[in-house]
Amino acid sequence: MNVHDSEKMSGIFSESGCSQSDDINNADVIVLNTCSIRDKAEQKFYSKLGRLRKIKEKRPELKVAVAGCIAQQKGDTLFKNFPYVDFVFGPNNIDNLQSWIESSDVERRTLDDKKNKTLDARRSTAIQDNPDYHNKLLPVKREGQVRAWVSIMYGCDNFCAYCVVPYTRGRERSRPIRDIRHELIGLASEGFKEVTLLGQNVNSYGKKLNDNIDFPDLLKELHEVDGITRIRFVTSHPKDLSDKLIQTMKDFPKLCNHIHLPLQAGSDKVLSLMNRRYTYGDYKEKVNMLKQAIPDIAITSDIIVGFPGEDDGDFKMTLNALKEIQYDGLFAFKYSKRPDTKALDLPDHISEDIKSVRLDKVLKLQEEITFDKNIKLEGEILEVLVEGVSESDKSRMTGRTGNNKIVNFNGTEEDIGNLVTIKILKAMQHSLFGERVQESRVHGFQV
Ligand code: SAM
Ligand code: SF4
């Protein structure tokens, strides 16, 4: 979501006639788009911002802007602690960047004229409510040429006890279906082949719209857009995963056989403390339904270890859940205290040492599971959408299967954007290597 927000900021700069600089020392404006989901991300931001002080001292005309969730949380206090910050804007006020660029331009000229204009006079914030943000059509300068991110909703109403998102990104709002469809038609005309629909809880898309449209209805509508060959979405909250969505994923071939369905913890006690509003049993039932409907579905998840009150027995339940569910991939995190959240007041916070030990155990177990699953794909023939040159080996091309496995193969740049048929020769920990074959039947698809 943050990457896509940055693409929107780039789009606004581009439309204003600015271009991206490769050299931080030559830039006229530096924007730090921040994340505050965990303390580590926040500390990373402060260290980057600290490093900008010297550049600003050398070039006082440089503008420094702070965007994203930390900007939303800290607001004006950033000016106090970092006197060289000029503009602070939150994730629901990206549209305000346009007017800041325009006014900064005017100010820069005035500044040149009146050298005594103080820095303070140039500072501004945009962190106020922006109730119409979800209806705004912002320009986007996208990274890549095959896969595109598309926001379908903003904010979150779930208030999981550990999570800062509802406080920084505000209440849940869905974009109108016509705007989303229009964006996809535009992407198809630009040659994009795959879209990933973004929301904190895509399964509740449409709840506050008046047109009786839910997430599966949106997917069916978007399935009709010619030129877009694959549709993904992230993230699904397990409590809102409906039978209708599973059926839609099964029936509509452009919907990829992959779902990111964060479990967070295997213990019902911890899930309840987290305010996740499902039990492990509920979750398992949904996973079974998904696997039954779509046998080759890949399921990935998020896990938090060391949530307050998680004892050894609870943690064991998380390990057992990983063994039982056999995820294709996992993001695992140590619980991190976040401002405003309910979990701060819970008793029995866990030491960092115990959290580290638990995280290592989760990651190690999942590495084994992922590798075993990848090995089983050796010899399989899979359909891959080619995205570009492989980062790790520039002589190879890279792409993904419908169920999100990364596949590298010897190809050419002419393959970019095409669906190719690949026989998997070798499985690695995080990717597969294969060779191109001329098969006409791959994994349930006729090509
Ligand atoms: N909306 C998504 C959902 O409910 O599954 C998740 C969005 S959140 C940006 C991504 C992940 O960060 C969460 O699933 C959770 O595992 C993790 N996370 C959020 N807050 C955290 C915290 N305070 N400490 C550790 N991990 C956290
Ligand atoms: Fe955070 Fe929970 Fe909302 Fe996801 S659903 S963004 S974890 S509050």
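Looking at the stretch 201-311, what helices (runs of 4 or more DSSP H) fall wholly within it and have at least 1 residues that are touching a Lys or Arg at 6+ places or on another chain (Cβ under 6 Å)?
Helices (runs of 4 or more DSSP H) meeting the threshold: 215-223, 280-293.
Is it the case that Arg171 is in contact with a helix residue (DSSP H, G or I) (Cβ under 8 Å, 6 or more places away or on another chain) and away from ligand 1 (no atom under 11 Å from the Cβ)?
Numbers: in contact with a helix residue (DSSP H, G or I) (Cβ under 8 Å, 6 or more places away or on another chain): no; away from ligand 1 (no atom under 11 Å from the Cβ): yes.
No: the conditions fail for Arg171.
Take the residues in the stretch 324-357 that are open to solvent by less than 50 Å² (accessible area, probe 1.4 Å), touching a residue at least 40 places away in the same chain (Cβ under 8 Å) and assigned to a helix (DSSP H, G or I), then tell me which one is nearest to Ala298 (Cα to Cα).
Filtering first and then ranking leaves Ile325.
Could you tell me which numbered condition Gly388 fails, if it satisfies all but one of (1) under 21 Å from Ile297 (Cβ atoms); (2) not in a loop (DSSP other than H, G, I, E, B)?
(1)
Can we say Phe192 is among the aromatic types (Phe, Trp, Tyr) and more than 20 Å from the chain's Cα centre (by Cα)?
No: the conditions fail for Phe192.
Determine if the stretch 93-114 includes at least one residue that is modelled with pLDDT under 95, assigned to a loop (DSSP other than H, G, I, E, B) and not aliphatic (A, V, I, L, M).
Checked the stretch 93-114: at least one residue is modelled with pLDDT under 95, assigned to a loop (DSSP other than H, G, I, E, B) and not aliphatic (A, V, I, L, M).
Return the residues of the stretch 12-45 that are away from ligand 1 (no atom under 16 Å from the Cβ) and surrounded by 13 or more Cβ atoms within 10 Å (Cβ to Cβ); say none if nothing qualifies.
Selection gives Ile12, Phe13, Ser14, Glu15, Ser16, Cys18, Ala27, Asp28, Val29, Ile30, Val31, Leu32.
Please count how many residues of the stretch 139-174 are open to solvent by 10 Å² or more (accessible area, probe 1.4 Å), in a loop (DSSP other than H, G, I, E, B) and more than 9 Å from ligand 2 (Cβ to nearest atom).
9
Please find, among Gly186, Gly227, Gly206, Gly191, the residue that is over 17 Å from Arg147 (Cα atoms) and more than 16 Å from ligand 2 (Cβ to nearest atom). Walk me through how you get there before you give the answer.
Values: Gly186 fails: over 17 Å from Arg147 (Cα atoms); Gly227 fails: over 17 Å from Arg147 (Cα atoms); Gly191 fails: over 17 Å from Arg147 (Cα atoms).
Just a single option satisfies the conditions, and that option is Gly206.
The values are calculated or read from the model by the stated rules, or taken from the named source; none is laboratory data. From a predicted model like this one, the values you see are computed outputs, not experimental measurements. We place every Cβ from the backbone using ideal geometry, glycine too, and count neighbours over all the protein chains shown. Surface accessibility is based on the protein's heavy atoms, side chains included, excluding ligands, DNA and RNA. Shrake-Rupley method; radii C 1.70, N 1.55, O 1.52, S 1.80 Å.
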